1. Looking at the range 66-75, which of the residues that are in a helix (DSSP H, G or I) and free of Cβ contacts under 8 Å to residues at least 24 places away in the same chain is surrounded by the fewest Cβ atoms within 10 Å (Cβ to Cβ)?
2. Return the only residue of 111, 89, 95 being under 17 Å from the mean Cα position of the chain (by Cα) and buried (at least 17 other Cβ atoms within 10 Å of the Cβ).
3. Looking at the range 9-17, is at least one residue in a strand (DSSP E or B), in contact with a strand residue (DSSP E or B) (Cβ under 8 Å, 6 or more places away or on another chain) and in contact (Cβ under 8 Å) with a residue 24 or more places away in the chain?
4. Can you give me the number of residues within the range 19-47 that are assigned to a loop (DSSP other than H, G, I, E, B) and within 16 Å of the chain's Cα centre (by Cα)?
5. What number of residues within the range 48-60 are touching a strand residue (DSSP E or B) at 6+ places or on another chain (Cβ under 9 Å) and assigned to a loop (DSSP other than H, G, I, E, B)?
6. Evaluate the range 76-88: report whether one residue or more is touching a residue at least 60 places away in the same chain (Cβ under 8 Å), part of a strand (DSSP E or B) and either within 23 Å of residue 16 (Cα to Cα) or out of contact with any strand residue (DSSP E or B) (no Cβ under 7 Å at 6 or more places or on another chain) (or both).
7. Just checking, which of 23, 39, 68, 97 is at pLDDT below 95, on the phi < 0 side of the Ramachandran plot and out of contact with any strand residue (DSSP E or B) (no Cβ under 7 Å at 6 or more places or on another chain)?
């Protein structure tokens, strides 16, 4: 299990240094939190002379996070929904007994990613697919 801090804000943070008691922030011990994995966007095609090309346009890092029912109560559920719709979202990872700096992230669009373990209403689980907002 990895410990993370999720934070959201109405305005972009100017200082990305982790703040222990920041507003709109909760720490979680996740059931699943993958290491950031590189994801690319490429443009490819064929020129008029038949030569093929492939251009790397962007590289981002993607993270999968699963927050289990052990950590979700009414207040946390409201926080997670507010996080989902917030304009600016941030994550910090707890590593080697210290919190890392915030990284601005984006969530997928669409319906809030709530599922229930074995379809039991009392066991909600939230699975986020997060992506770094800034190209690497």
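The values are calculated or read from the model by the stated rules, or taken from the named source; none is laboratory data. If you're wondering where the values come from, they're calculated on a predicted model, not measured in any experiment. Please note: Cβ atoms are built from the backbone with ideal geometry, for glycine as well, and neighbour counts cover all protein chains shown.
1. Step one: of the range 66-75, the residues in a helix (DSSP H, G or I) are 69-71, 74-75.
This time we only want the ones that are free of Cβ contacts under 8 Å to residues at least 24 places away in the same chain, so: 70, 74-75.
Working: 70: 11, 74: 7, 75: 9.
If we take residues in the range 66-75 being in a helix (DSSP H, G or I) and free of Cβ contacts under 8 Å to residues at least 24 places away in the same chain, then 74 is surrounded by the fewest Cβ atoms within 10 Å (Cβ to Cβ).
2. Details: 111 fails: buried (at least 17 other Cβ atoms within 10 Å of the Cβ); 95 fails: buried (at least 17 other Cβ atoms within 10 Å of the Cβ).
That would be 89, the only listed residue that is under 17 Å from the mean Cα position of the chain (by Cα) and buried (at least 17 other Cβ atoms within 10 Å of the Cβ).
3. Going residue by residue through the range 9-17, those that are in a strand (DSSP E or B) are 9.
With in contact with a strand residue (DSSP E or B) (Cβ under 8 Å, 6 or more places away or on another chain) added as a condition, the list becomes 9.
Still in the running and in contact (Cβ under 8 Å) with a residue 24 or more places away in the chain: 9.
Checked against the condition, which is being in a strand (DSSP E or B), in contact with a strand residue (DSSP E or B) (Cβ under 8 Å, 6 or more places away or on another chain) and in contact (Cβ under 8 Å) with a residue 24 or more places away in the chain, the range 9-17 yields at least one hit.
4. Quick first cut of the range 19-47, residues assigned to a loop (DSSP other than H, G, I, E, B) only: 19-24, 30-31, 34-36, 47.
Now restrict to residues that are within 16 Å of the chain's Cα centre (by Cα): 24, 30-31, 34-36.
Number satisfying all stated conditions: 6.
5. Let us first name the residues in the range 48-60 that are touching a strand residue (DSSP E or B) at 6+ places or on another chain (Cβ under 9 Å), namely 52-60.
Next cut, assigned to a loop (DSSP other than H, G, I, E, B) only: none.
Selection size over the range 48-60: 0.
6. Yes, that holds for at least one residue.
7. Selected residue: 23, the only one of 23, 39, 68, 97 that is at pLDDT below 95, on the phi < 0 side of the Ramachandran plot and out of contact with any strand residue (DSSP E or B) (no Cβ under 7 Å at 6 or more places or on another chain).
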